[in-house]
Amino acid sequence: MTQFVDAPGVIDLSWGHPDPALLPVGELAEATASALTRYGPQMLAYGAPAGPPDLIEYVCERLAETDGRAPRADEVVITAGVSQGLDVLATLLLTPGEQVLVDVPTYHLALRILADHPVELKAVASDHDGVLPDSLCAAVSRGRSGGQTVRFLYTIPTFHNPTGRAISLERRRALVEMLIDLDLRVWEDDTYRELAYDAPPPASLWALAPAGLVTRLGSFSKVVSPALRVGFVTADQATAARLAASGLFDSGGGIAHFSACVLAEYALSGRLADHIDGLRAAYARKRQALLTALAPKTDERAHWTTPGGGYFAWLRFPEPIADDKLAAAARRHRVGFLPESRFHLGDGFASSAIRLSFSMYEQSELTEAARRVVGVLDEVHSSRRGSAIA
Ligand SMILES: Cc1ncc(COP(=O)(O)O)c(C=O)c1O
């Protein structure tokens, strides 16, 4: 019934899904009943194209607290999650043959969504602090000097999937300046902003940039439930209006209207804010369980930096390891993770890192998972030493 398929005996850290035990089943049952009482038949009708005004109001108020700038109501459109938002932006705003840039590694399934459109995806390099300026400039001028239209950069500045990094405020400001100079627009994936464990993240690119440069995609999947399929876009007023006036929204009305009304009820009751506080504490404990168990053992075979939020730890190796070797060792040790190659364009990329998702499992399972990952590293490391000697 769910996308996640449990393999008995395996601890599979390859899934970036919420912990089922942290999904607010009872609270959503109550919010659904009370939303139906409050909104009545309007909740079961075609919804307003941009989304229910109550949810838009919540998004504006919440971003006033969690981001550098609150949007106006006419700068927000409710979507069916980041995935649908990205897909519809690509449908509406891209012309076949145009180029979209992605700073790699990046969310592998965003690559799949973009690949469903007849455009060219081009990689830009990044480091621990986001897009590398030289690589970005080079990609833009390569594309344009070849006569191509380079339309957008898709990027995840905050609690990045897969690396967990959050780029600094300084680098965000520099990136915005560069984007203005390059006249390049951005789709900013802001899925994990709410899941900050140590300190609030810096302002989004959307908040820092002049209107029209950045469209930010937000989601309720990680802070409430992915099954609701609700997210939002913040954009300049013209882009927001273009989205809400699309054929999709015109024909079907506001997307995920029923779920969006339930969320509005949950949010405006104040219970969502308490729930998010609880999630932050719970996911921070999971992060700690995984990294503490890895810490004494990985030394020169792998290293990582503690992610300040989100779902992922990124374990780096000093040298690339073939995916099939990693996968075979993972099977033997009954643990799952995703190799770096999955987060790059094209085939044949040699992975120097793996993504470990600490969101789904309990702390004791994460401790055991870390032990198994260390087993994988030991095995791969000793077989490499063996082949170096041989
Ligand atoms: C970076 C990133 N963007 C988007 C999504 C999907 O978001 P949604 O459920 O809102 O479509 C995910 C889910 O893992 C993600 O990690």
The range 152-293: C-alpha gyration tensor shape, a/c 1.5 cut-off, then a/b vs b/c: oblate
Estimated FRET transfer efficiency (Arg384, Arg144; beta-carbon r; R0 51 Å; 0.05): 0.75
Prolate/oblate/rounded call for the range 200-245, Cα gyration tensor, a/c under 1.5 rounded: oblate
Where the Cα pairs of the chain fall when distances are cut into 20 Å bins, in %: 27, 56, 16, 0
Relative contact order (%) - the chain, alpha-carbon pairs under 8 angstrom, separation at least six: 24 percent
Per-peptide average of other Cβ atoms within 10 Å, ordering 306-317, 60-71 highest first: 306-317, 60-71
Neighbourhood charge, 11 Å Cβ-Cβ cut-off, centred on Glu362 and excluding it, Lys, Arg +1 and Asp, Glu -1: -1
Residue-wise HN-Hα coupling along the range 311-322, computed from phi with Karplus coefficients 6.51, -1.76, 1.60 (Hz; x: Gly, Pro): 10, 10, 10, 10, 9, 9, 9, x, 9, x, 10, 4
Within-12-Å neighbourhood charge of Asp277 [Cβ basis; K, R +1; D, E -1]: 0
Degrees between helix 25-39 axis and first principal axis of the chain (Cα, 0 to 90, nearest 10): 10 degrees
Computed over the range 14-122: relative contact order in percent, which uses C-alpha pairs under 8 Å that are six or more apart: 18 percent
Segment Glu170-Asp198, extension gain: residue separation times 0.36 nm, minus the distance between their alpha carbons: 8.2 nm
Calculated diffusion of the range 1-144, Stokes-Einstein form, Kirkwood radius summed over Cα pairs, 20 °C and 1.002 mPa s, µm²/s: 110 µm²/s
Area projected by the alpha carbon convex hull of the range 13-62, averaged over all directions, nm²: 5.5 nm²
Radius 13 Å from Cβ of Ala199, net charge of other residues (Lys, Arg +1; Asp, Glu -1): +1
Rounded if a/c under 1.5, otherwise prolate or oblate - the range 23-95, Cα gyration tensor axes: prolate
Inter-label distance for Ser352 and Ile180, nm, one decimal - labels placed 7 Å from Cα along Cα-to-Cβ: 3.4 nm
Cross-link partners of Lys325 among lysines (Cα-Cα below 21 Å; sequence separation of 8 or more within a chain): Lys297
For the chain, calculated [θ]222 nm from helices alone, where every DSSP H run of n ≥ 4 adds -39500 (n - 2.57): -14000 deg cm²/dmol
Value in Å of the Kirkwood radius, where the range 54-213 supplies the Cα pairs that are averaged: 16.3 Å
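Every number in this text was worked out from the coordinates using simple rules, so none of it is lab data. Just so it is clear, the model here is predicted, and its values are computed rather than measured. Using ideal geometry, Cβ is built from the backbone for each residue, glycine included, and neighbour counts are taken over all protein chains shown.
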